[in-house]
Amino acid sequence: MDSLLEEILASYDERAALQSARTIPAAWYVHSGIAALERERVFGRTWQVVARADQLKDAGQFVTAELAGEPLLIVRGSDGQLRGFYNVCRHHAAAVATEAHGTANIFRCPYHGWSYGLDGSLKGAPEFEGVCDFDRSQNGLVPLRVETWEQFVFANLDLNAVPLAEFLGALVKRVAPLNIGSLHFFERRTYTLNCNWKVFVDNYLDGGYHVPHLHKELNSVLDYRQYTIDGEDRYCLQSSPMVSSDEDANVAATRTGDRAWYFWQYPNFMINIYRGYMDTNLVLPDSVDRCKVIFDFYFDDVSDAAAECNRQSIAVGERVNDEDVGICEAVQRGLGSRAYHAGRLSVRREAGEHLFHRLLAADLKRVP
Ligand code: FES
Ligand SMILES: [Fe+2]
């Protein structure tokens, strides 16, 4: 590691208590060396959402994905087992599966026609007679770890990582009573933001601090003063009682229930729940100053009769997100300014960000 990068890492003190803490320094959001280190030590080692369980219910169903720059293939085998592989042909490295998702009995590489079973084993290699020291059984797709929790399929590139349940920790028991298994996927929206992925996560984790200022309509249905922030293991739950409001009819009609539940799981996955509603946000770095956020919307009723109402609900979410995008991009510009080094944290509001920064620092500073 070069000495500048070491200096940048050392300039954050993860031992400081919230009252004394500073945010991670601006350089962590603008230096490409940090982005490269995150790819290796954060995205290359943590459990990452790569698919929805409903895409992989039946034998032969598959999804392709990218994780930390690696092309992946996740597939349900004929034996019912879910498996993950690097989507890289053992012959000359072409992508074996080229669709985003689908159903297959066999994967045939489009380059020279090598074929692989749903279990990754090499089934056929045309015109390969006479090749010395070539063992077909040693030339299957390279496996990786996959596990499922609730509706979400996770993959991990680190063969030594702790099991998914251990990684998720207390999140599992906090989410269980909310019965999110009864909600069904409806639609996906993907946004590209001109900011580092951590700016979006920080914005999410500020304990509602920005809600009265930036999201006036959303604020009308939340009881801001009663907003709670709980962090444990690798998750943070922000929750607020709901109040009735006639400020905005669409918000009032689509954001209902007794409480709003906003879960974040380190490093980059959020689950937002209202009555009969859930959206998930997966934040993926593109480069040091660009990220993609994938929103998946779920509803209890996804029938045709409910479609219009569900679309209105998504429109409310999009409006809130538009407000967040504008501010996140402004923050990224500010982080690049010589006028800014690091910020302080509200003790009442910003414990979630503090947890995020400490978990991140621990991963980045861990000697491999
Ligand atoms: S690269 Fe796949 S068959 Fe040649
Ligand atoms: Fe927001």
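None of the figures in this text is laboratory data; all of them are computed from the coordinates on show. Keep in mind that what you see is a predicted model, and the values were worked out from it rather than measured. Note that we place each Cβ from the backbone using ideal geometry, even for glycine, and neighbour counts take in every protein chain shown.
Relative contact order for the chain: what percent, with Cα pairs under 8 Å and sequence separation of 6 or more? Kindly include the intermediate steps, with their values, before the conclusion.
Values: 691 pairs, mean separation 72.8, N = 368.
It rounds to 20 percent for the chain.
Using Cα-Cα distances under 8 Å and only pairs 6 or more residues apart, what relative contact order does region 26-148 have, in percent?
Rounded, it is 19 percent for region 26-148.
Convert each backbone phi in region 119-132 into a coupling constant with the Karplus relation 6.51 cos²θ - 1.76 cosθ + 1.60 (shift: θ = phi - 60°), then list the ³J(HN,Hα) values in order as whole Hz, x for Gly and Pro.
Ordered by residue, 3J(HN,Hα) equals 8, x, 6, 6, 9, x, 9, x, 6, 10, 5, x, 7, 6 Hz.
Counting only the backbone N, which residues of region 282-297 are under 14 Å from the spot 7 Å out from the Cα of ASN194 toward its beta-carbon?
289-291
Starting from region 32-82, pick out the trypsin sites (Lys or Arg not before Pro) whose DSSP state is loop and whose Cβ has at most 14 other Cβ atoms within 10 Å.
LYS57
Output ³J(HN,Hα) for region 269-283: one whole-Hz value per residue in order, computed from phi by the Karplus curve 6.51 cos²θ - 1.76 cosθ + 1.60 with θ = phi - 60°, and x for Gly and Pro.
So the Karplus estimates, Gly and Pro as x, are 10, 10, 10, 10, 10, 10, 5, x, 9, 8, 10, 10, 10, 10, 9 Hz.
Label VAL142 and ASP300 with points 7 Å out from Cα along Cα→Cβ: what is the distance between them in nm?
My value for the distance between the label points is 4.7 nm.
Under 1.5 on a/c is rounded, so check that first for the chain, then, if it is not, pick prolate when a/b is larger than b/c and oblate when it is not; a ≥ b ≥ c are the square roots of the alpha carbon gyration tensor eigenvalues. Walk me through the intermediate numbers first.
Working: a/c = 2.20, a/b = 1.37, b/c = 1.61.
Note, shape of the chain comes out oblate.
Under 1.5 on a/c is rounded, so check that first for region 53-111, then, if it is not, pick prolate when a/b is larger than b/c and oblate when it is not; a ≥ b ≥ c are the square roots of the alpha carbon gyration tensor eigenvalues.
Prolate, because a/c is 1.5 or more and a/b exceeds b/c.
Give the distance, in whole Å, between the Cα centre of region 221-292 and the Cα centre of region 70-145.
When both Cα centres are located, 39 Å separates them.
So, counting K/R as plus one and D/E as minus one, what does the shell of residues with Cβ under 14 Å around ARG311 add up to?
Value of the local net charge: -3.
Loop only per DSSP, at most 15 neighbouring Cβ atoms within 10 Å: give me the chymotrypsin sites (Phe, Trp or Tyr not before Pro) in region 124-227, ordered by residue number. Write out the running numbers ahead of the final one.
Values: sites: PHE128, PHE134, TRP149, PHE152, PHE154, PHE167, PHE185, PHE186, TYR191, TRP197, PHE200, TYR204, TYR209, TYR224, TYR227; in loops: PHE128, PHE134, TYR209, TYR227.
Answer in residue order: PHE128, PHE134.
Helix-derived [θ] at 222 nm for the chain: sum -39500 (n - 2.57) over DSSP H runs of at least 4, divide by residue count, nearest 500?
Calculated at 222 nm, the ellipticity per residue is -7000 deg cm²/dmol.
Quick one: what are the phi-derived ³J(HN,Hα) couplings along region 187-194, Karplus 6.51/-1.76/1.60 with θ = phi - 60°, whole Hz, x for glycine and proline?
Along region 187-194, the couplings run 7, 10, 10, 10, 10, 10, 10, 8 Hz.
For all pairs of alpha-carbon atoms in region 291-368, what percent lies in each bin of width 5 Å, listed from the first bin to the last filled one?
P(r) for region 291-368, in whole percents per bin: 3, 10, 11, 14, 18, 14, 11, 8, 6, 3, 1.
Which of the GluC sites (Glu not before Pro) across region 229-327 are loop residues per DSSP, with 13 or fewer other Cβ within 10 Å? Spell out each step's value before the answer.
Numbers: sites: GLU232, GLU247, GLU308, GLU318, GLU323; in loops: GLU247.
Those that pass, being in a loop and sparsely packed, are GLU247.
Taking neighbour Cβ counts within 10 Å as the exposure measure, how do MET270, MET1, MET278, MET242 sort from fewest upward?
Ranked by crowding around the Cβ, least crowded first: MET1, MET242, MET270, MET278.
Express the relative contact order of region 232-276 as a whole percentage, based on alpha carbon pairs under 8 Å and six or more residues apart in sequence. Don't jump to the answer; show the numbers that get you there.
Details: 60 pairs, mean separation 18.2, N = 45.
Contact order relative to length: 40 percent.
In the Gaussian network model of the chain, springs joining C-alpha atoms below 10 Å, which of ALA16, ALA260, ALA252 carries the largest mean-square fluctuation?
Top of the fluctuation ranking is ALA16.
Given +1 on the Cβ of Lys and Arg, -1 on the Cβ of Asp and Glu, and no further charges, what dipole in debye does region 257-368 carry about its Cα centre, rounded to the nearest 20?
Approximately 860 debye in magnitude.
Could you calculate the FRET efficiency of HIS210 with ALA93 from 1/(1 + (r/R0)^6), where r is the beta carbon distance between them and R0 is 30 Å, rounded to 0.05?
Taking R0 as 30 Å, the efficiency between HIS210 and ALA93 is 0.10.
Excluding GLY276 itself, calculate the net charge of residues whose Cβ lies under 9 Å from the Cβ of GLY276, where each Lys or Arg counts +1 and each Asp or Glu counts -1.
Spelling it out: positives minus negatives among the neighbours equals -1.
By the scheme Lys and Arg +1, Asp and Glu -1, what is the net charge of all other residues having a beta-carbon under 15 Å from that of LYS57?
Computed value for this residue: -1.
Go ahead and run the numbers for FRET between HIS184 and TYR340, Cβ-Cβ distance against an R0 of 30 Å, rounding to 0.05.
Numbers: r = 44 Å, r/R0 = 1.45.
Efficiency at R0 = 30 Å is approximately 0.10.
Arrange ILE74, ILE327 by Cβ neighbour counts within 10 Å, fewest through most, would you?
On the way: ILE74 25, ILE327 15.
By the 10 Å Cβ count, ascending, the order reads ILE327, ILE74.
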